[in-house]
Structures are given as structure tokens and as C-alpha cells.
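One structure below.
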Amino acid sequence: MGMVAVLRRRRVLRRFASWTRPAAMTPERTEESLAYLTQALGRWHPDTAEARLKVRYWLVADGDPTAAQRSAEAEAADRTAEFGAEHLKTFEARRSLHHFYREAHGRSAALPLIRALADDMSVALGPTHRETLSVRRHLAYQLRDEELLTDSIAVSSAMLAELEDRPYSDKDLRATWFVLASALEYAGDREQALVYVQKELRAERGAIYGVDENIGQPYQKTLEAWQDRLRRGVPPPSRTAKSPRD
């Protein structure tokens, strides 16, 4: 590749550096730039795929989530045709589709997509594959946020049973404690929620890094405040909390 081509590629890639649409990136220039990257790098090059993803976020910010959804649907279909239905790249596209479908139609309408994705990944990759666990936790959060607390607790409890032999330092185990404790708290079972918060707090205190007082709200302090809230019976905040591991 000649220097002129290298410089042009860098220049075009810079147009997609931001997750918000630059003023100069009109729809026409966006399409032209995507076409160039597809030709120069290939459709499935990571930089090309990321550029397409960013354009979907631009569309949502522009007030057109339906267009972003349609683009995500096309991406998932194309990846299925290229890589197969059970390839990790296809599953990644389906997870992204869930996000944009939710932006367009709301969380309740998108819930079947993330349920199906969790089921399909469990079969294809295994229920304790790192990416499968991430999607299953995402499902548990979505169920919690929809106030389907019994279902959320069931999903998290099933994961916990599969992970119980792992050491306390395991990131997936700790993230599962978090989402389960959160759903239990919203369901009114503060006593059982406290059990998992204290497990997570004990694991965090045993981590090799200490509390960084320069951070606005260190995770350990968040857990300590959660523990205190549960002990005092204070109502939980809005359903937005997520583990930093998710």
C-alpha cells in the first residue's frame, strides 16, 4: 500500500473517531466514506465494522432509531450468511441488534431478542462461556428493569449454580453476585441480597488494588453504601445499577 493510500485511509478513519456524528459527516459523506472503507479494507475488517456501528449510534442521536435498527438487522443477517448462525461475530451482531431494537421500540419489545440470544449462545458456546455469561447477565438486568424479578432471580441463580466452584476472584462469579443481589433487593428480600453484597465486598477488599481516593466513587465504597442501605432497610434507588464488570 502506497503512502497516499495510507494517508487517505487514516483520514477517512478519523471521520469515524467519535461516537457522535461530526457536523461534516452528512448522510452522503457518511455513505461515501463507508463505501471507501469497505473497498479499501474489506467489509469485515474491524475498522469497517466499527464505522458501521458508530453510524447506527449517530442515527439514534439524530432521532432515527428505526433506521439504526434496520441497519443492525442487515448486519446480523449478513454476518449469519458470512460466518454462520453460531459464530461469535454473528452473536455480537445480534446483541447489537437487541440494543438498537430497544432504542426503536422499547425495552419490553426487545426482551424476546435477548432471551433468544442467551438461549442460542448457551447451546452453541456453552452456558459458562465468557460471552454467554455476559449476555445472560444482560438478560437478568433487562428482566429486573422490566420488574420481572422472579425471572431475573431465576436467570442469575442458574448462573450462580454453574459458577459456585470458581474462586472469589472470578469476574463472572462476582458480576453474577451483583445482578442477583440487585434483583433480590428490588424483590424485597434484603436479607438474601445482603449475603451476596457481602460476598462481593469481601472479594473487592481482597483485590490487589486499594481504594483510589482520586476516583469520584470507588467501587468498594459503593458496595459499603449498598451494604449499609440493606442493613437499614432503606428503599433501593432506580433500577439502573450494574456491575462494573458488565
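The values are calculated or read from the model by the stated rules, or taken from the named source; none is laboratory data. Computed from a predicted structure; not experimentally measured. Positions of Cβ are generated from backbone atoms using ideal geometry, with glycine treated the same way; all protein chains shown enter the neighbour counts.
Considering each residue of the stretch 1-37, count those that are closer than 21 Å to Ala61 by Cβ, surrounded by fewer than 16 Cβ atoms within 10 Å (Cβ to Cβ) and among the small types (Gly, Ala, Ser), and give that number. Counting residues in the stretch 1-37 that are closer than 21 Å to Ala61 by Cβ, surrounded by fewer than 16 Cβ atoms within 10 Å (Cβ to Cβ) and among the small types (Gly, Ala, Ser) gives 4. Listed by position, the helices (runs of 4 or more DSSP H) inside the stretch 40-112 whose residues that are more than 24 Å from Arg136 (Cα to Cα) and of a type outside the set (A, V, I, L, M) number at least 2 are 46-61, 65-83. Taken as a whole, the structure leaves Arg11 outside the set of residues that are out of contact with any helix residue (DSSP H, G or I) (no Cβ under 6 Å at 6 or more places or on another chain), of a type in the set (D, E, K, R), assigned to a helix (DSSP H, G or I) and under 26 Å from His129 (Cβ atoms).
Show the residue pairs that are 6+ apart or on different chains and have beta-carbon atoms under 8 Å apart, the first residue being within the stretch 113-142 and within 14 Å of Met159 (Cα to Cα), the second being outside any helix (DSSP H, G or I) and polar (S, T, N, Q). Note: pairs meeting the criteria are Arg137/Ser243.
Do we find that Val135 is under 27 Å from Gly233 (Cα atoms) and either surrounded by fewer than 23 Cβ atoms within 10 Å (Cβ to Cβ) or not basic (Lys, Arg) (or both) in this structure? When the stated conditions are applied, Val135 does not pass them. Each residue in the stretch 135-183 was checked for being within 18 Å of Lys199 (Cβ to Cβ), in a loop (DSSP other than H, G, I, E, B) and of a type outside the set (Lys, Arg), and 6 pass. Taken over the stretch 56-65, the residue count meeting the criterion of being surrounded by fewer than 15 Cβ atoms within 10 Å (Cβ to Cβ) and either touching a residue at least 24 places away in the same chain (Cβ under 8 Å) or within 22 Å of Pro112 (Cβ to Cβ) (or both) is 2. For Thr132, the requirement of being among the β-branched types (Val, Ile, Thr), assigned to a helix (DSSP H, G or I) and closer than 30 Å to Leu59 by Cα is met. Would you say Ala175 is more than 18 Å from Pro236 (Cβ to Cβ) and without any contact (Cβ under 8 Å) to a residue 24 or more places away in the chain? Judged against the criteria, Ala175 is not a match.
Here Thr48 does not qualify as of a type in the set (S, T, N, Q), buried (at least 16 other Cβ atoms within 10 Å of the Cβ), more than 20 Å from the chain's Cα centre (by Cα) and under 30 Å from Pro127 (Cβ atoms). Across the stretch 66-84, the number of residues qualifying as touching a residue at least 24 places away in the same chain (Cβ under 8 Å), surrounded by fewer than 21 Cβ atoms within 10 Å (Cβ to Cβ) and either closer than 17 Å to Val123 by Cα or under 18 Å from the mean Cα position of the chain (by Cα) (or both) comes to 1. Return yes when Glu28 is farther than 30 Å from Glu162 by Cβ, assigned to a helix (DSSP H, G or I) and modelled with pLDDT of 95 or more and no when it is not. Considered against the rule, which asks whether it is farther than 30 Å from Glu162 by Cβ, assigned to a helix (DSSP H, G or I) and modelled with pLDDT of 95 or more, Glu28 comes out as yes.
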